[in-house]
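J.: My questions all concern the structure below.
The values are calculated or read from the model by the stated rules, or taken from the named source; none is laboratory data. Bear in mind the structure is a predicted one, so any value in this text is a computation, not a measurement. Here the Cβ is made from the backbone with ideal geometry for all residues, glycine too, and neighbour counts use every protein chain on show.
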Amino acid sequence: MTDGPAYGFETRQIHAGEVVDTEAQARVTPIYQTAGYVFDSFDDGETRFAGRGGRAYSRNDNPTNAIGARRLADLEGGVDGVLVSSGQAAIAAALFGLASAGDRILTTSSLYEGTREMFRGVLARQGLAFDAVPADAPDDEWLARVTPQTKALYTETIPNPLNDVVDLERLARIADRAGIPLVVDNTVATPYLCRPIEWGAHIVIHSTSKWLAGHGSVIGGAIIDSGRFDWAAHADRFPQLTGPTPARPIPFAERFGAAAYANWLRSVIVLEYGPTVPPISTFLLLHGIETLSLRMERHVANATRVAEALEGHPALSRVLYAGLPHDPGHALAQKYLPRGAGSVVSIELAGGRDAAREFLDRLQLASRMTHIGDVRTLALHTGSTIHGKLTEEERLAIGITPGLIRLSIGLETADDIIADLLQALDPLHPEAVGTAGS
C-alpha cells in the first residue's frame, strides 16, 4: 500500500503493512510460530547476525509481529513500530531506548497508577529518576526542570482514570524547546480518536491489550517511532543513536535515518531484554485492529450516553468524562478528540468507600475486574485495587477519592448498560428513581 493512493483510516486498519504469504497465498496474515529461521549458509548466518539482511531470531523479529507493528505505525502516522509483550514493557523499552542509569524523565503528574508505580519502583531501582509536573503548569516551570540528564517528556493523551485531557501541542512545543522527545501513551484514545504525532509527539506507546485488540483476550504493547526527532541535532544527549561503537561502526541515526529509534529498540533493547510478544497474540491483535473504527464509534456513543445518564444522579458527587460540556477537559477534548473522548467514564460516589462497595456488588451486567478497552463493560474501585498501595493522603493528592469508580464502557446495548448502573446506584440515595440524566 505504500505506493498506492492515500487510503482512508478504515482501509488502512485492514490492509496496512500486510504481506501475502508467497507459498500458501493466505489472505489472512499467518501465525509464524517459530523461534528461529534457517540460514542458507555459513555466510548467510553471519550476515543476518550482523543485521545486514534476513531474520536471525524471533526474540526481536517475527513476520507476524512485524506486520502488526507496521500497521500500527501506519495508523499513528509513524515511520516504524515495534511490538512487545505488554503495555508496561512498551513503556520500559521506550524509556530505556532513550535513557540510562543517572538520567531523568519529565512526566505529567496525572498518569495511570501502574505507570507511576513502575517509575518510582523498578525503573528507579535501575537508575532512572522522574520529575512530575502538572500538565497545565507554565512553560517556564517545565523548562526549569530540564537538565542535561533529562531524556524525554512523558504523558498520556487521556490520563487513566481521571480523564483530564492533556494539551499535546503545548507539551510538544516544550519538548522541542528542551531538545528532548515527547513520548505519549495513546492507549485510551487509540489512533482512531487521536494521533499524537500530528500534534508534535515523537514517540507513541500503546497497551495493545486494550481497545486495539478489543476483546480482553491478549496482552501486548507497541512503540511507534514518528521519525521526526532530529537525533543528530542532539548528539550529546543521545550518543547511543548518533555515535559509533566497535560492534556498530555506522551509527543508527546515519544507517537508518528517520527510523533510527525504532531500529535501535528492535536491534538492541528488545533483543537484549527480550520482551517478546507471542505471534498468536499479534494474530488476535490484527483481527481486533480490523474493526477498530467501528468499535470505537460504538464505545464512544455508549460512553457518552452513560455519562449523560449518570450526570446529576443524587448518589454521585461527580462524573468524570471529557465528552460532557461541563467537564474541565471538554475544550481540550474538542480540539484533540473531535470523534469522541474515549470510553472510560469515572464516577465518584458521594457515600465514599462503603457506597462503592455496595454499588459494585449490585452490578449484574458490568464485570468487576481490572482492565479497560474490552467489548464488555467493566467496573473497578481504583482506590482498593490499582491505587491500593498508596496511603489515603497520597490517593487524595492525585484525585483518587474513596468513592471513585472507573467504568470502561463496552459495546452492549446502551440502555442495558445504563439500566444496570442505575439499579446499582438508585438504592444508594432515597430520592433516586432511575431517571437520572433523562
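J.: Which of (1) in contact (Cβ under 8 Å) with a residue 24 or more places away in the chain; (2) touching a Phe, Trp or Tyr at 6+ places or on another chain (Cβ under 9 Å) does Thr242 not meet, given it meets every other one?
T.: All conditions are met except number (1).
J.: While we're looking at this one, here's another question. Quick one: which residue in Ser293, Ser317, Ser343 is of a type in the set (Ser, Thr, Tyr), in contact (Cβ under 8 Å) with a residue 24 or more places away in the chain and farther than 30 Å from Gly8 by Cα?
T.: Exactly one residue qualifies, and that residue is Ser317.
J.: For the subset of region 230-247 comprising residues that are in a loop (DSSP other than H, G, I, E, B) and of a type in the set (A, V, I, L, M), which member is nearest to Ser100 (Cα to Cα)?
T.: Of everything passing the filter in region 230-247, Ala235 is nearest to Ser100 (Cα to Cα).
J.: What is the number of the single condition among (1) out of contact with any Ser or Thr (no Cβ under 8 Å at 6 or more places or on another chain); (2) at positive phi; (3) modelled with pLDDT of 95 or more that Gly77 does not meet?
T.: That leaves (1) as the condition not met.
J.: Just checking, which of Gly288, Gly329, Gly323 is at negative phi, surrounded by 21 or more Cβ atoms within 10 Å (Cβ to Cβ) and without any contact (Cβ under 8 Å) to a residue 24 or more places away in the chain?
T.: Gly323
J.: Please indicate, with yes or no, whether at least one residue in region 154-163 is outside any helix (DSSP H, G or I), on the phi > 0 side of the Ramachandran plot and within 17 Å of the chain's Cα centre (by Cα).
T.: Within region 154-163, one or more residues are outside any helix (DSSP H, G or I), on the phi > 0 side of the Ramachandran plot and within 17 Å of the chain's Cα centre (by Cα).
J.: Given the conditions (1) closer than 18 Å to Ser343 by Cβ; (2) surrounded by fewer than 22 Cβ atoms within 10 Å (Cβ to Cβ), report the number of the one that Thr276 does not fulfil.
T.: (1)
J.: OK, next. Between a residue in region 108-121 that is over 11 Å from Ile386 (Cα atoms) and any residue that is of a type in the set (A, V, I, L, M, F, W, C) and surrounded by fewer than 17 Cβ atoms within 10 Å (Cβ to Cβ), which pairs come within a Cβ distance under 8 Å, given they are 6 or more apart or on different chains?
T.: Pairs found: Ser109/Ile398; Ser110/Ile398.
J.: Also: Determine, yes or no, whether Arg116 is in a loop (DSSP other than H, G, I, E, B) and among the charged types (D, E, K, R).
T.: The answer is no for Arg116.
J.: Right, here's the next one. Please work out which residue is surrounded by the most Cβ atoms within 10 Å (Cβ to Cβ), limiting yourself to region 141-165 and to residues that are over 22 Å from Asp176 (Cβ atoms) and among the aliphatic types (A, V, I, L, M).
T.: Applying the filter and picking the extreme gives Ile158.
J.: I would also like to ask the following. Restricting the first residue to region 354-370 and requiring it to be assigned by TED's automatic domain parsing to the domain that holds Thr401, which pairs with a second residue that is polar (S, T, N, Q) and part of a helix (DSSP H, G or I) meet a Cβ separation below 9 Å and a spacing of at least six or different chains?
T.: So the pair list comes out as Ala356/Ser384; Arg357/Ser384; Arg362/Gln423; Leu363/Gln423; Gln364/Gln423; Thr370/Thr382.
J.: Can you find a residue in region 19-27 that is in a loop (DSSP other than H, G, I, E, B), modelled with pLDDT of 95 or more and not charged (D, E, K, R)?
T.: So far as region 19-27 goes, no, none of its residues is in a loop (DSSP other than H, G, I, E, B), modelled with pLDDT of 95 or more and not charged (D, E, K, R).
J.: Picking from Trp264, Trp211, which residue would you name as being in a loop (DSSP other than H, G, I, E, B), touching a Gly at 6+ places or on another chain (Cβ under 7 Å) and in the same structural domain as Arg52 (by TED's automatic domain parsing)?
T.: Trp211
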